[in-house]
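Working notes, beginning with the structure itself.
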Amino acid sequence: MTAQAYLSMITELVAKVGTSQADGVKRAATLITAALERGGVVQAFGSGHSEALAMEIAGRAGGLVPTNRIALRDIVMYGGEPRAVLEDPGLERDPTVAHRLYDLAPVDPRDAFVIASNSGVNGVVVALALLVKERGHDLIAVTSLEHSGRVSPLHPSGKRLCDIADVVLDNGAPYGDVALPGQVGAVSSVTAAVLAQMVVAEVVARLAEAGQTPPIYLSANIPGGHEHNQLLEARYAGRIRRTA
């Protein structure tokens, strides 16, 4: 249970996940590239710590501009619900919340979705995934197949996120999301971020190969970065939201 033990473990796991999921990354990039080329954006969602994956996809330096992050707090920020609802520990298990999130988001039929959930069984995640497919969107899931396979689905359908998505990227996290003795050493946020960046890199490569200029964010903390980003964001006015 040392820092070096974690470093050794996570370095090995990142390499393993990156290699084993290479084909899935390419298939995910195919779906996202197609969505962008038809004028869509990438809608990203994750609850709990999986929101970190959505933040890795949407609105960060080195990432794609045509991306939007959906979050549970949207029902307060855009839906008028009292802030107190966010204090409910069962919120992410409530399937009915998914329809509110979808309806409140600036979703277009051309959009593709990325949904992250380590367990892949919570009600809002599965309900949103089902709704996304019902509405005809391509769906990429980032989840732990080991953990998901060992827990019971919480959605009435009996489905898991991995049962619904067009492409499933396995983050390689073990059951319980910890990999060191003593129940420490969480990994899913690290490996999911690596998968997200691999997908983005593949999408950018494909757009460049097609003779297009990939719409990429620069850091707002370098000269000209803010202005560059504002010009690109203007192309997707009303399609992407940039909030904390």
- request: Being under 22 Å from G176 (Cα atoms) and among the hydrophobic types (A, V, I, L, M, F, W, C) narrows it down to one of L31, L86, L7, L64, so name that one.
  value: L7
- request: Collect the residues in region 99-123 that are modelled with pLDDT under 95 and not in a loop (DSSP other than H, G, I, E, B), keeping them in residue-number order.
  value: G123
- request: Kindly indicate whether any position in region 36-43 is closer than 17 Å to M198 by Cβ, of a type in the set (D, E) and either at pLDDT 95 or above or in contact with a helix residue (DSSP H, G or I) (Cβ under 7 Å, 6 or more places away or on another chain) (or both).
  value: no
query: What about V194, is it open to solvent by 40 Å² or more (accessible area, probe 1.4 Å) and touching a residue at least 24 places away in the same chain (Cβ under 8 Å)?
result: yes
message: Against the conditions (1) open to solvent by less than 40 Å² (accessible area, probe 1.4 Å); (2) of a type in the set (G, A, S); (3) touching a Pro at 6+ places or on another chain (Cβ under 8 Å), where does G225 fall short? Just the number, please.
response: (3)
- request: Kindly establish whether A141 is modelled with pLDDT of 95 or more, outside any helix (DSSP H, G or I) and buried (at least 24 other Cβ atoms within 10 Å of the Cβ).
  value: yes
field: From D177, D88, D163, D103, residue being acidic (D, E) and in contact (Cβ under 8 Å) with a residue 12 or more places away in the chain
entry: D177
query: Counting only residues that are surrounded by fewer than 16 Cβ atoms within 10 Å (Cβ to Cβ) and under 14 Å from V126 (Cα atoms), how many does region 99-112 have?
result: 1
message: Looking only at helices (runs of 4 or more DSSP H) that lie completely in region 150-244, which have at least 3 residues being β-branched (V, I, T) and closer than 24 Å to L64 by Cβ?
response: 188-209
- prompt: Going by the structure shown, is V204 modelled with pLDDT of 95 or more, farther than 25 Å from D74 by Cβ, touching a strand residue (DSSP E or B) at 6+ places or on another chain (Cβ under 8 Å) and crowded, with 17+ Cβ neighbours inside 10 Å?
  reply: yes
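The values are calculated or read from the model by the stated rules, or taken from the named source; none is laboratory data. As the structure is a computational prediction, the values presented were derived from the model and not from experiment. Every residue, glycine among them, receives a Cβ derived from its backbone with ideal geometry; neighbour counts consider all protein chains shown. The accessibility values were calculated without ligands, DNA or RNA, using every heavy atom of the protein model including side chains. Shrake-Rupley method; radii C 1.70, N 1.55, O 1.52, S 1.80 Å.
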